[in-house]
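Asker: Please see the structure below; I have some questions.
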Amino acid sequence: MGNTYHQIYIQAVFAVKYREARIDKAWKAELFAVIGNLINETGCKTIIVNGVEDHVHCFFGLKPSVSISDVMQNAKAKSSKWLNESGLLTTRFEWQRGFGAFSYSRSHIDAVYKYIQNQEAHHSKQTFKDEYIEILKKFEVEYDEKYIFQDLI
């Protein structure tokens with residue numbers, strides 16, 4: 001086969017260090033655009049990036065020659081650098097270590113897109129921790145709850 005064909009859709013979720021509410025509504029759209037561009041920079045294709053004050057959801061088409069870890073490392077490192085150099089905050093900004101990554105089929109694109117698009121409404125009813133545990137259970141990911149948000153220790 002002369003070409004590589006792929007269709008891999010990933011939702012990645014990561015939080016602000018200590019789950020602090022540091023993402024301000026005044027500049028969050030700009031931050032999410034930066035994250036989307038950083039994902040695209042890896043050769044992947046951003047579908048949507050959105051979140052609330054303490055965490056971010058990224059939905060993108062994964063290029064098979066790039067690891068999810070490399071995509072997230074690029075997005076998190078460079079977006080925190082951008083934010084720290086932007087003058088938007090008076091104290092240093094950091095993302096939590098790690099991330100969650102979950103794969104979807106093409107038939108789920110619209111539902112995942114809408115879910116991520118509606119994060120504000122969703123989190124008026126559910127905490128990030130409860131949401132994250134729900135996702136882990138839905139995907140049957142084994143976890144130890146004491147280590148999910150380990151950097152609190």
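FYI, it's all coordinate maths here, none of it is from the lab. Small disclaimer: the values here were computed from a predicted structure and weren't measured. Glycine also receives a Cβ, built like all others from the backbone with ideal geometry; neighbour counts cover every protein chain displayed.
Asker: Please list, by residue number, everything in region 29-46 whose backbone N is under 11 Å from a paramagnetic label point 7 Å out along Cα→Cβ of residue 6.
Answerer: Taking a point 7 Å out along Cα→Cβ of residue 6, the residues of region 29-46 whose backbone N falls under 11 Å are 43-45.
Asker: Within region 12-77, which chymotrypsin sites (Phe, Trp or Tyr not before Pro) sit in a loop by DSSP and count at most 16 neighbouring Cβ atoms inside 10 Å?
Answerer: Working: sites: 14, 18, 27, 32, 59, 60; in loops: 27.
Taking region 12-77 and a limit of 16 other Cβ atoms within 10 Å, the loop chymotrypsin sites (Phe, Trp or Tyr not before Pro) found are 27.
Asker: Next question, about the same structure. If you take every residue apart from residue 59 with its C-beta less than 13 Å away from the C-beta of residue 59, what net charge results, scoring Lys and Arg +1 and Asp and Glu -1? Please list the in-between numbers first.
Answerer: Numbers: positive: 45, 106, 114; negative: 110.
Spelling it out: positives minus negatives among the neighbours equals +2.
Asker: If you don't mind, another one. If the only charges are +1 at each Lys and Arg Cβ and -1 at each Asp and Glu Cβ, what is the size of the charge dipole of the chain around the Cα centre, to the nearest 20 debye?
Answerer: Working: 19 positive and 19 negative charges, 51 e Å.
The dipole magnitude comes to about 240 debye.
Asker: Within 15 Å, Cβ to Cβ, of residue 41, how many net charges do the neighbouring residues add up to if Lys/Arg are +1 and Asp/Glu are -1?
Answerer: Working: positive: 45, 63, 76, 78, 81; negative: 70.
Every neighbour counted, the sum reads +4.
Asker: Still on this structure: Taking loop as defined by DSSP and a crowding limit of 14 other beta carbons within 10 Å, which trypsin sites (Lys or Arg not before Pro) in region 61-94 fit? Can you show the working numbers first?
Answerer: On the way: sites: 76, 78, 81, 92; in loops: 92.
Here the trypsin sites (Lys or Arg not before Pro) that fit, given the DSSP loop and packing criteria, are 92.
Asker: Express in nm, to one decimal, how much length is gained between residue 143 and residue 126 on full extension, taking 0.36 nm for each residue of separation and deducting their alpha carbon distance.
Answerer: 4.1 nm
Asker: Hey, rough spin-label estimate for residue 28 and residue 117, points 7 angstrom out along Cα→Cβ, what's it come to in nanometres?
Answerer: 1.7 nm
Asker: Plugging the Kirkwood radius over Cα pairs into Stokes-Einstein for region 21-153, at a temperature of 37 °C and a viscosity of 0.692 mPa s, what D comes out in µm²/s? All intermediate terms of the calculation are to be shown ahead of the outcome.
Answerer: Details: Rh = 15.8 Å.
Taking Rh from Cα pairs, D becomes 208 µm²/s.
Asker: With point charges of +1 on the Cβ of Lys and Arg and -1 on the Cβ of Asp and Glu, referenced to the Cα centre of the chain, which listed residue (6, 75, 57) lies farthest in the positive direction of the dipole?
Answerer: Result: 6.
Asker: Report relative contact order for region 34-143 in percent, whole number only (criteria: Cα-Cα under 8 Å, sequence separation at least 6). Kindly include the intermediate steps, with their values, before the conclusion.
Answerer: Details: 88 pairs, mean separation 29.0, N = 110.
Once divided by the residue count of region 34-143, the mean separation gives 26 percent.
Asker: Select from region 12-64 those trypsin sites (Lys or Arg not before Pro) which occupy a DSSP coil region and have at most 11 other Cβ atoms within 10 Å, ordered by residue number. Intermediate results must be reported in sequence, preceding the final value.
Answerer: Numbers: sites: 17, 19, 22, 25, 28, 45; in loops: 22, 25.
Of the trypsin sites (Lys or Arg not before Pro), the ones in loops of region 12-64 whose Cβ has at most 11 other Cβ atoms within 10 Å are 25.
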